[in-house]
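Encoded as C-alpha cells, the structure appears first; notes follow it.
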Amino acid sequence: MSHGEPQTITGSTAVNPPVASTPLPENLRRLDRLANLGLVSASVAHEIKNGLVAISTFVELLAAKGEDKEMADVVSRELVRINSLVTQMLRYSAPQPRAFATVRAHELLDHSLRLLEHQMDGRLIALQRDYRAVSDAVHGDESQLQQAFMNLFLNAVEAVGSNGAVTVTTETVGAHLKISVRDSGPGIAQENLARLFEPFFTTKKNGTGLGLAICRRVVEEHRGTIEIHSEPGNGSVFIISLPRE
Ligand SMILES: Nc1ncnc2c1ncn2[C@@H]1O[C@H](COP(=O)(O)OP(=O)(O)OP(=O)(O)O)[C@@H](O)[C@H]1O
Ligand SMILES: [Mg+2]
C-alpha cells in the first residue's frame, strides 16, 4: 500500500565522497562512493528509526486523547511507510562481512530461482535453464552472490510482467564462468543504458534503484564483470562473468 515515490530519497546520493589527495580510477571511486553510501545510510537510517519511535509514541498519545484522530491516523500511516522504507534501505546498504568459500553456481542459481518460481508461475512466465558450464565452482560469498543473482532475476521478472520467458544460461569461457539472464521484456532505452548501475536510478514507481548497483558491487568484489545487451523491443540480457575456482 505504499503510495509514495521512493525516488524522494534520491537526495541521499548527495553524500560527499571523501576528499582524495590522489585521484582514484573511476571504478574505484565508484566502489568507494558506494561503500561510503552504505555506511552513511546505515547510520542515517538508525537515527531516523530512533526519531520515528519518539514520533509514533507522541502520535499514539494524541490519538488516545481523542484529539484529531483522523490526522493522527494519517501521520501513523506515513510513519509506517517511512519505517519500512528505512528498513529496506538498511537491508540494501549496510556493509556485510564477507565469507568466501567454494560456491557451486548451479546450485545457488537453482536455489535463488526456487524463491521466484511461485511468482513466475502465477504470471505465466516460462523459466528456462540452460546450464552448459562444465565446471560451476567459483570462490565467493554465497549470500552476496545470491543477492546479485536475485536482483537480476527480479528485474527480469518485473520487465516481463506476465506472459514471457526468463532464460538462465551458464557456460565456461576459459578461466571464467559466464552466467546470462535473458528476459523477453521490453528492453532498455539507449539513454538509460549508461545509468542503470547508478545507485538510486530507477524507472519503477516503487523501485529503490539499488538492485543493479548492489549487483555490480558484489560482482566486482568477486573480480568479475557485468555487461548488458539490450534493444528496445528485443528483451535484455545481463551477463555476469566470474573467475572460476
Ligand atoms: N531486465 C530489465 N529490463 C528492462 N529494464 C531493466 C531491467 N533491469 C533493470 N532495468 C532498468 O534499470 C533500472 C534500475 O534497476 P535496479 O534493479 O537497479 O533498480 P529497480 O529495479 O528500479 O529497483 P530495485 O531493484 O531497487 O527494487 C530499472 O528501474 C529499469 O529501468
Ligand atoms: Mg531491481
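We did not get these values from a lab; they are worked out from the coordinates using the rules stated. These figures come from a predicted structure and were not determined experimentally. Virtual Cβ from ideal backbone geometry, glycine too; neighbours counted across all protein chains shown.
A few comments on the model shown:
- Label-point separation, ARG104 to GLN119 (7 Å along Cα→Cβ), nm: 2.5
- Inter-label distance, nm, simple model (7 Å from Cα along the C-beta direction), LYS65/THR172: 7.2
- Packing-based order for 149-159, 109-119, using average beta carbon neighbours within 10 Å, highest first: 149-159, 109-119
- The protection proxy used here, the mean number of other Cβ atoms lying within 10 Å of each residue, ranks peptides 139-146, 177-184 as follows, highest first: 177-184, 139-146.
- Close amide H pairs (under 5 Å, H built 1.01 Å from N) link HIS176 with ARG244, residues at least 5 positions away or on another chain.
- Reachable lysines from LYS178, criterion Cα separation under 24 angstrom, eight or more residues apart if same chain: none
- Applying 1/(1 + (r/R0)^6) with R0 = 45 Å to the Cβ-Cβ distance of ILE228 and ASN83 gives a FRET efficiency near 0.85.
- Net length gained if the chain between LEU127 and ASN163 were fully extended (0.36 nm per residue, minus Cα distance): 11.9 nm
- Set of lysines with alpha-carbon distance to LYS205 below 29 Å, sequence-local pairs under 8 removed: LYS49
- Under 19 Å from LYS204, Cα to Cα: lysines that are on another chain or at least 8 residues apart: none
- Take 54-62, 213-221 and order them by the average number of nearby Cβ atoms within 10 Å per residue, most first; the result is 213-221, 54-62.
- In Hz, Karplus ³J(HN,Hα) per residue of the stretch 159-166 (6.51, -1.76, 1.60; θ = phi - 60°; x = Gly, Pro): 5, 5, x, 8, 6, x, 9, 10
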